[in-house]
1. Among the residues of segment 113-120, are any in contact (Cβ under 8 Å) with a residue 40 or more places away in the chain and either under 22 Å from Gly162 (Cβ atoms) or in the same structural domain as Thr178 (by TED's automatic domain parsing) (or both)?
2. Which count do you get for residues in segment 19-53 that are surrounded by 13 or more Cβ atoms within 10 Å (Cβ to Cβ) and farther than 24 Å from Val75 by Cβ?
3. What helices (runs of 4 or more DSSP H) lie completely within segment 1-109 and have 3 or more residues being farther than 25 Å from Gly133 by Cα and without any contact (Cβ under 8 Å) to a residue 24 or more places away in the chain?
4. When Glu56 is evaluated against the numbered criteria (1) farther than 15 Å from Tyr16 by Cα; (2) crowded, with 21+ Cβ neighbours inside 10 Å; (3) of a type in the set (Asp, Glu), which criterion, by number, is the only one it fails?
5. Please specify each residue of segment 153-180 satisfying the condition of being more than 23 Å from Trp89 (Cβ to Cβ) and either crowded, with 16+ Cβ neighbours inside 10 Å or touching a helix residue (DSSP H, G or I) at 6+ places or on another chain (Cβ under 8 Å) (or both).
6. Please go through segment 27-58 and give me each residue that is among the acidic types (Asp, Glu) and under 25 Å from Ala99 (Cα atoms), ordered by number.
7. From (1) within 14 Å of the chain's Cα centre (by Cα); (2) surrounded by fewer than 23 Cβ atoms within 10 Å (Cβ to Cβ); (3) of a type in the set (S, T, N, Q), pick out the condition that doesn't hold for Thr76.
8. Only one of these is more than 21 Å from Leu121 (Cβ to Cβ), out of contact with any helix residue (DSSP H, G or I) (no Cβ under 8 Å at 6 or more places or on another chain) and not β-branched (Val, Ile, Thr): Ala25, Ala57, Ala19. Name it.
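The values are calculated or read from the model by the stated rules, or taken from the named source; none is laboratory data. Since this is a predicted model, take the numbers as computed values, not measurements. Positions of Cβ are generated from backbone atoms using ideal geometry, with glycine treated the same way; all protein chains shown enter the neighbour counts.
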Amino acid sequence: MELTFFSVRQTGGLGYAYALSGRIAEGIPLLEHALSAIETMGYGAFRSAFLAYLGEAYVLADRLEDALEVAGRAVTLAREGGQRPYEAWALRVLGEITARRNPREHAEGHYRNALALAEELGMRPLVAHCHFGLGKLYRRTGTREQAQEHVATATTMYRDMGMTYWLEEAEAAGARVTEGRAS
C-alpha cells in the first residue's frame, strides 16, 4: 500500500493522540512509522514536528534517553528550517525531559526559551504548558512561591481556553503546591 502525505500525517496525529491519552504502547509505533515515512517521502518540513511529538511520547513512556535524542534533533531541524513554532514545542519537550532527570538545572532554561518563543508567536496553549512545566519544576525543587505563580498562570490560561483536561491537572498540581507536597 502506498502511503500518501495525508495518511502519514493522520498516522502521526493518531499516534500522538494515543500517547497523550495514555495509550503510549500503541502511540509510539505509529509516531515512529510516521516519522520514518516523512523522512522517506522527503517532507523535511514536518520532521521537526514529528520528532517533537515522538520525544513527548518517549517522555510519557519514561524513555528519557530516546526522548532527549529526538527532541534535540527536533530543535536543531526546526532552527535550521526557520520553523519557530516547532522549535518552541521541542524546547518545551526538552524542558519536560530535563525536569525528570538529575540534575535538573537545564530544565528551567528550556522552559523559559520555549515560553518566550511561544509568547512571541501567540501560541497560548504552549505558553500555558510552559508555565505548568515551570510550576511543576519549582514544586519539585522546593521553590514554592514560584511554583504557585506558574501553576496559577497555567490554571487561568487553561480555564480561559477551555482546556478542561489540563485545567484539572493544573488545579491538582496547585493543591499539591499549597499543601507543600513535592509530587
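1. Within segment 113-120 (the criterion being in contact (Cβ under 8 Å) with a residue 40 or more places away in the chain and either under 22 Å from Gly162 (Cβ atoms) or in the same structural domain as Thr178 (by TED's automatic domain parsing) (or both)), the answer is no, since none of the residues qualifies.
2. Number satisfying all stated conditions: 2.
3. Qualifying helices (runs of 4 or more DSSP H): 5-20, 24-41.
4. So Glu56 meets the others, but not (1).
5. Glu171, Gly174, Arg176, Val177, Thr178, Gly180
6. Across segment 27-58, the qualifying residues are Glu32, Glu56.
7. Just one mismatch for Thr76, condition (1).
8. Ala25
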